[in-house]
Amino acid sequence: MADRVSECCVTSAWGPDSATLVVEGELTATTTDLLEGAVLACLRVNPHTVAVDLARVDFMDAAGIAALLDCRSRAAMQQARLVVIHPNRTLTHLMRPEVRALLAVPPTADRAGRRELPCIACGATTEHVPGPTTRGADGEVLVQWWSCTACDEGNTVVD
Ligand SMILES: [Zn+2]
């Protein structure tokens with residue numbers, strides 16, 4: 001199945017109980033219908049998971065993000081999980097941390113052990129490196145703290 005308009009293309013591939021929708025091009029107000037149509041078509045078959053692959057998407061705007069969240073809600077109504085896979089760094093940055101969490105987008109690629117995390121002290125999402133650990137009585141690591149590289153006081157934990 002392939003639907004085409006000039007700037008976007010969505011193709012689907014099926015696994016045992018999951019579907020992968022590969023989006024190619026731009027995800028904007030003019031192309032979100034394609035994505036939504038493809039997701040709805042997938043959901044008719046009751047997959048366990050619908051993965052939206054954004055590896056070939058080079059541009060996405062707020063409408064694109066809203067459409068992904070909308071599709072996620074529709075999937076959730078059918079007890080299906082919608083996840084976003086392979087967004088490039090630019091797309092990942094466009095998504096707010098809570099949006100990434102909803103869409104199961106992993107934290108920005110752990111470049112040399114670094115992660116983009118929200119820093120309360122900075123009031124912004126900044127680069128963090130592994131910091132101190134809190135250990136239990138038996139030496140097991142209970143909490144791995146991540147330290148903000150943009151300030152001295154920001155320490156946070158990764159869920
Ligand atoms: Zn900070």
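Considering each residue of segment 128-159, count those that are away from the ligand (no atom under 15 Å from the Cβ), at pLDDT 85 or above and part of a loop (DSSP other than H, G, I, E, B), and give that number.
Number satisfying all stated conditions: 5.
Can you tell me which residue among Ala76, Ala67 is among the small types (Gly, Ala, Ser) and exposed (fewer than 15 other Cβ atoms within 10 Å of the Cβ)?
Residue meeting the stated conditions: Ala76.
Keeping to segment 79-102, report how many residues are surrounded by 13 or more Cβ atoms within 10 Å (Cβ to Cβ) and not in a helix (DSSP H, G or I).
Number satisfying all stated conditions: 10.
I need every pair where a residue in segment 142-159 that is closer than 16 Å to Gly113 by Cα has its Cβ under 8 Å from the Cβ of a residue that is more than 10 Å from the ligand (Cβ to nearest atom) and of a type in the set (D, E, K, R), sequence separation at least 6 or different chains.
What qualifies is Trp146/Arg115; Thr149/Arg114; Val158/Arg115.
From the list Thr92, Thr49, Thr125, pick out the single residue that is in contact (Cβ under 8 Å) with a residue 12 or more places away in the chain, in contact with a helix residue (DSSP H, G or I) (Cβ under 9 Å, 6 or more places away or on another chain) and within 16 Å of the ligand (Cβ to nearest atom).
Among Thr92, Thr49, Thr125, only Thr125 is in contact (Cβ under 8 Å) with a residue 12 or more places away in the chain, in contact with a helix residue (DSSP H, G or I) (Cβ under 9 Å, 6 or more places away or on another chain) and within 16 Å of the ligand (Cβ to nearest atom).
The values are calculated or read from the model by the stated rules, or taken from the named source; none is laboratory data. Everything quoted here is computed from the prediction, not taken from an experiment. When we count neighbours, we look across all protein chains shown, and the Cβ atoms used for this are built from the backbone with ideal geometry, even at glycine.
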